[in-house]
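Nothing in this text is a laboratory measurement; each read-out follows from the coordinates by a stated rule. Model, not experiment: these values are computed from the prediction. With ideal geometry, Cβ positions are generated from the backbone for all residues, glycine too; neighbour counts draw on all protein chains shown.
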Amino acid sequence: MHDVLVVGLGAMGSAAIYHLASRGARVIGVDALDPPHSLGSTHGRSRIIREAYFEHPSYVPLVRRAYENWSALEGESGETLYRRTGGLMVGPPQSALVRGTLDSVSTHGVDVETLSADEIVQRFPAFQPEPGMMGVYEQNAGMLFPEACVRAYLRLASAKGAEVLTQTRVLSLAREEGLITATTTAGVIKAKRIIVAAGAWTRDLFATLGVELPLTVERQTMHWLEPVAESDLLGPDRFPIAIFEYAPGRMFYVMPNLGDGVKAAIHYEGAFTSAESIDRAIGESDTTPVLELAKRFVPSAAGGIRESAVCTYTNTPDLDFIVDTVQGMPEVVLVSACSGHGFKFASAIGEAVSQLALGERVDADLSHFRGDRW
């Protein structure tokens, strides 16, 4: 008998199983594939982490805890998991990106600089903001390396006694006599509690419990751009992670060249799909808009597409997370409907849901992520 079953071992699940094992829980984790893999949401070699969070000020305390936990994981694992590059949010002064960022800054006292369009060019010559735009720069933003993070969490969780089953698909869930029963391709697993962090597979899995979740799966593409010419202006010492609000409510982000090109993508705007039917082929409709935006804002990086990949966002209606027990099912914890911006928080959310699943006091404020808000 296990104390907790964790379904899905990507960003959130790997962090949760680590924190559960660290607390001495008898925990088992199951994944249909072999994480870290490239068929979900936790891949792409780099992920942005930033503190001045434009989406909502309530995220700031959580990301501060995440920074602490990522640093602790680096120390325990002996691996490099984070690279500080600085972060730049660019848009018109009244844009959602700039206004939201400054709202978090004023609420939580985040240390930032505001820059005019001309000052951005002087400071970061690879960028080409448009007249009337401004930037908000935070020094501690940077990149996490997602595959390395997941590997570190799973390795350390196993060393602490967690059982990890990969290539094992959960077919259905049931609540029986106060326990959770998971029917899997490797047999039946019983546990007192369950944490579901299954990403794009979450909605179908909860349907087997008779629970309908308001989640959609969105196809996303990310690309690595060929620089026009070799330039140290595109490296991490002179090219911060950056998000541009290129039209009202529409975001484009770039990340520095680590030797494989400048990473670039459009945030949201993908086609709705499912985990099983997603189109993993890359076409011109994927690459052309990204190249056009790169030519507009980072022309020295827009020499062509070097590589592309497909991933998924699992979105809630308001694009905020769900991190909560399921209404009427206190033994079922739902996490990882993170709407395309969750990876940076995984180290803190994994800690919080481990406390939640074990009935401990939860240190993080999860009230913004209640599952019953609809």
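Centre-to-centre separation between the Cα atoms of region 341-374 and those of region 237-265: 28 Å. Taking only the Cα atoms of region 195-318, the ratio Rg/Rh comes out at 1.06, with Rh defined as the Kirkwood radius. Prolate is the label for the chain, because a/c, from the alpha-carbon gyration tensor with a ≥ b ≥ c as root eigenvalues, is 1.5 or above and a/b exceeds b/c.
Calculated FRET efficiency, GLU177 to ARG155, Cβ-Cβ distance, R0 = 35 Å: about 0.50 to the nearest 0.05.
Provide, for q = 0.14, 0.23 Å⁻¹, the log10 of I(q)/I(0) from a solvent-free Debye sum over equal Cα point scatterers in region 58-147. Debye curve over Cα of region 58-147, log10 I(q)/I(0) at q = 0.14, 0.23 Å⁻¹: -0.59, -1.13. Residue-wise HN-Hα couplings along region 332-338, as the Karplus relation 6.51 cos²θ - 1.76 cosθ + 1.60 with θ = phi - 60° gives them from phi, are 10, 10, 9, 8, 5, 8, 9 Hz; Gly and Pro carry x. Computed over the Cα atoms of region 173-233, the ratio of the radius of gyration to the Kirkwood radius (Rg/Rh) comes to 1.33. Sequence-ordered 3J(HN,Hα) estimates for region 20-25 from the Karplus curve with 6.51, -1.76 and 1.60 and θ = phi - 60° stand at 5, 5, 5, 8, x, 6 Hz, glycine and proline given as x. The translational diffusion coefficient of region 247-374, from Stokes-Einstein at 10 °C and 1.306 mPa s with a Kirkwood hydrodynamic radius over alpha carbon pairs, comes to 92 µm²/s.
Computed over region 1-122, the range of Cα coordinates on each principal axis works out to 60, 29, 28 Å, biggest value leading. Helices in the chain, meaning DSSP H runs of at least 4 residues, each add -39500 (n - 2.57). Divided by all residues, the mean residue ellipticity at 222 nm is -8000 deg cm²/dmol. When only the Cβ of Lys, Arg, Asp and Glu is charged (+1, +1, -1, -1), the dipole of the chain relative to its Cα centre reaches about 580 debye. 3J(HN,Hα) couplings calculated from phi for region 127-140 with the Karplus curve 6.51 cos²θ - 1.76 cosθ + 1.60 (θ = phi - 60°) are, in sequence order, 8, 9, x, 8, x, x, 7, 9, x, 10, 10, 10, 6, 8 Hz; Gly and Pro show x. Given R0 = 56 Å, the distance between the Cβ atoms of THR107 and ALA229 translates into a calculated FRET efficiency of 0.85.
Let me check I've understood the local charge: for ARG361, count other residues with C-beta under 13 angstrom from its C-beta, Lys and Arg +1, Asp and Glu -1. What total comes out? Result for the local shell: -3. For GLU307, the residues whose modelled amide H falls within less than 5 Å of its own, excluding neighbours fewer than 5 places apart on the same chain, are TRP224. Distance from the alpha carbon centroid of region 276-293 to that of region 198-225 works out to 19 angstrom. Using equal-weight Cα scatterers in the Debye expression, the normalised intensity of region 234-297 in log10 at q = 0.14, 0.28, 0.30 Å⁻¹ is -0.50, -1.24, -1.30.
Our analysis of region 97-205 gives Rg over Rh at 1.22, with the two radii drawn from alpha carbon positions and Rh computed by the Kirkwood formula.
Largest first, the three principal axis extents of the alpha carbons in region 285-359 are 53, 23, 19 Å in whole numbers.
Taking N as the residue count of region 84-124, its C-alpha radius of gyration divided by 2.2 N^0.38 Å amounts to 1.19.
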